[in-house]
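Shown next, in structure tokens, is the structure this report addresses.
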């Protein structure tokens, strides 16, 4: 306890230390909570858990706003406990996903750079309690965040009350890594003065009004490790195609061997693609991304990446042990920012990022579905992919050409849900190859996508669709009554393939 | 001629004056032309016309890049002459539209803020000839544009050759209205220093390399007047709904009576909506838009608008006569910028615009189709609507709830083409009412859109669809095999209504 208290440098706040159960008891039915946490990193852990406990004896529902996904099974347990009314802007938990799709929780799928703006503008319900994980509290009333910044600074600024969770399992050496910058309201705002990946434009912690702090809770619990799947042959092939594309850009003089700051989405495919750069000729790379995953630290270790800016660090257990055990050697190569800044259109366009995100499916014209299985069931959410794709120098979407043993083609006639329109998608990559769609009209795109990216077992079926569509004419030819035939095939007989019951 | 020569202040360029036919003769098959012109304003007129003439005797095709749409029937005549290979980023001509949809020309439908970036990055074919209309050429080698800036500064900077059309029908008093700012390449760029609508950040003309000027052509021809349709009862109702929405924003303290800088898309509906503000209580308004249409000048005349920033001035003949005949009284209230700056995400988000654009149709979840009739046939193009909708403080789409005498419902189960996803659409407005979708989950959105915006004759049909979709579940419930049933009804029996052959 004494050692914990040392993490509260402003000793006038010591009297606010309470247990998690007491803090949770302040939260009332109908309230809105703003939780720290982004991709399983830096999430508030103790108070949400105590809330779940409380729900065993009491009925209540709250709105849960976060940075992005939470770890520690918090979304799962809150969902099972039935205490979630509205959840935003992103989640990845299987149980919560099931309940969202059953209509049990309202889920608002937002661009990750937009939530802060909406809180600031007073468009969303007022945050009653910001509950934010911290390493420590400074003498001059700043919260030093842990492994993510997320939306915490906006929640803290605009919430009615603040609860701080000081987590002694998070390394104190994280202090100094953060760069907290909170834009003014729209119309009274200056340019965001960030012009290089490594620029520091803010403070090392989140300033707060001590009057708003209701309680401080101690906790000692590591972040949940990420669940990265190891690269396989197909993701390695995709990495190679992507490297070929970048090599071509260097060859024609549009990029140098330092490329441009790279953003890579969450997940195994993007991670594998980044990993593939270790053995490439590219040098002195920089990362300007949301989540810093294992591959970023592998690239730093390999001397390939000189600086990485993110809004969270989400690592496998093995990499977590290595990185957090040797944080000194990474500290001068890292910065963690609010997600509004890591994902800000102003910065993404200014820096001219190379943006790599995962598609669930895309259509023959390059419209991308990132979120909805068969157009209806939410997978995770759009996350930051739209922030990046719209404004990047090079907006790349990657996916394996098939799923479920070949029963699903990731290339379809018409995306069953559109998160990224043809206007925002520069290049699509599968293990089959890549299609560079820049400057191409829809009819040119269709040819290239079917030829370069579709799996051979679906090429003829896609070509047949496209050829029938051409007989109807139009800028973007379609046969509307058959546009979702791949998806209805799948629903009816378990495969998108025509005239085949099942492949396996 | 002498009077014309006076408009070329750098007399060393006088020797470059040629006839339009001679200038047109330099253009070869396969070349790419970058033409001035945005929404029928400030288009290069003489050389394109001479090219059309030349096509009577000779076969050739060129790529035509512009700011946006051209006037003077240039797109029509070029299309009829068969000289267009690829056209981007926007057009509105009926003949060219027909030929695009027939697959005669390749049309690339781009966000209007993106074309400059792609030219600068070398992603599009190199512009062989920039052909740009001017009022005059300054002594220190700047082109003073006319009624639009469009992409001209980028074309001029990156083209191999320049042809300047000096149009003596354009008022010389336009000089001083323009503010030309050209960002550096990505990664070597500073923040765009514009923080208020009226800020001037660049030069009054477009600097050029005199070595690249191949010819200067004189022309004396007014811009084509805009074809604004007068407001009708339905557009007036929409204007009133929109004003109610804004009034509500003021009431809850999210806006003041000065609102926020307004962007309004091209066309009669947006024009009518702006016009409706004349009799509102809102004061000291500012405009930060692409096209300054009649309504902007009516609002200036009414003392409602204190400053308007655009990238073109497109007026009806009557308003053109009035405004250009009295330009002195408007000069200090206007600025014309490159479309990259008028539509730049950095600026739109910083200023926090209220953005009003026209939808062709939207679906029950708020996904908007701005471009493709029944998902296939191109109408005009996305224009700047995506630039604005993504980044605005308040992103509003307006459309009448029905078209073609009620045979078409503008609210459908699934948008047959998606230009703006649910993530980017805050409010939808029809003559029936408005639906404020901010912070709502898809199931909440569907209820509100059907109740508030759909035409009574389609409400039951939409509700039936939605209720069947709910039985399937999901974050965004759909019945994929019936998702386009409204559109296939229309194709089959001339009406989206079920069980009705035709209404009229």
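What follows draws every value from the coordinates through simple rules; no lab data is involved. These numbers were taken from a predicted model, which means no experiment stands behind them. Positions of Cβ are generated from backbone atoms using ideal geometry, with glycine treated the same way; all protein chains shown enter the neighbour counts.
Placing a label point 7 Å from the Cα of residue A:482 along the Cα-to-Cβ line, the residues of the range A:414-443 whose backbone N sits under 13 Å from it are A:414. Between the beta carbons of residue A:233 and residue B:283, assuming R0 = 60 Å, the FRET efficiency works out to 0.35 to the nearest 0.05. Here residue A:56 yields copy-to-copy label distances, from shortest upward, of 9.1 nm, the label point defined as 7 Å from Cα along Cα to C-beta.
Could you give P(r) for the range B:361-436, binned at 10 Å from zero, as whole percent values over all Cα-Cα pairs? Taking every Cα pair in the range B:361-436, the percentages come to 20, 56, 23, 1. The fewest-to-most ranking of B:417, B:423, B:188 by surrounding Cβ atoms within 10 Å reads B:188, B:423, B:417.
In terms of other Cβ atoms within 10 Å, A:146, A:115 run from fewest to most in the order A:115, A:146. If you look at the Cα atoms of the protein assembly as shown, you get an Rg and a Dmax of 28.3, 93 Å.
Label points for residue B:171 are taken 7 Å from Cα along Cα→Cβ. From this copy to the others they lie 6.7 nm apart, shortest first. Each eigenvalue of the Cα gyration tensor of chain A, multiplied by 5 and square-rooted, gives one semi-axis; in descending order these are 40, 26, 19 Å. Contact order, relative form, for chain A: 13 percent (alpha carbon pairs under 8 Å, 6 or more residues apart, mean separation divided by residue count). What's the center-to-center distance, using Cα atoms, between the range B:238-288 and the range B:305-380 in Å? Answer, in whole Å: 14.
The mean sequence distance of close C-alpha pairs (under 8 Å, at least 6 residues apart), as a share of the length of the range B:1-219, puts its relative contact order at 24 percent. Using a Förster distance of 25 Å, how high is the FRET efficiency between residue A:468 and residue A:404, based on the Cβ-Cβ distance and rounded to 0.05? E(calc), rounded to 0.05, equals 0.45. Distance between the C-alpha centers of the range A:160-184 and the range A:442-472? Whole Å please. Centre-to-centre distance over Cα atoms comes out at 50 Å. Note on the range A:1-53 and the range A:96-127: Cα centroid distance 22 Å, given to the nearest whole angstrom.
For the pair residue B:457 and residue A:190, a Förster radius of 56 Å applied to the C-beta separation gives a FRET efficiency near 0.65, rounded to the nearest 0.05. Between the Cα long axis of helix B:456-472 and the first principal axis of chain B there is an angle of about 70°, rounded to the nearest 10.
Ordered shortest first, which distances in nm separate the 7 Å Cα→C-beta label point of residue A:198 from those of the other copies? Nearest first, the other copies' label points are 4.3 nm away.
The angle separating the long axis of helix B:233-251 from the principal Cα axis of greatest extent in chain B is about 80 degrees. Listed by Cβ neighbour count within 10 Å, with the fewest neighbours leading, B:109, B:29, B:73 appear as B:29, B:73, B:109. Bridge orientation summary for chain A: considering DSSP beta bridges with both residues in this region, about 30 percent are antiparallel.
Computed from Cα atoms, the angle from the helix A:442-452 axis to the main principal axis of chain A rounds to 90 degrees. Looking at the protein assembly as shown, the DSSP beta bridges with both ends there are about 25 percent antiparallel. When you restrict to C-alpha pairs under 8 Å that are six or more residues apart and normalise by the size of the range B:390-478, the relative contact order lands at 27 percent.
When both bridge partners sit in the range B:233-493, DSSP labels roughly 30% of those beta bridges antiparallel.
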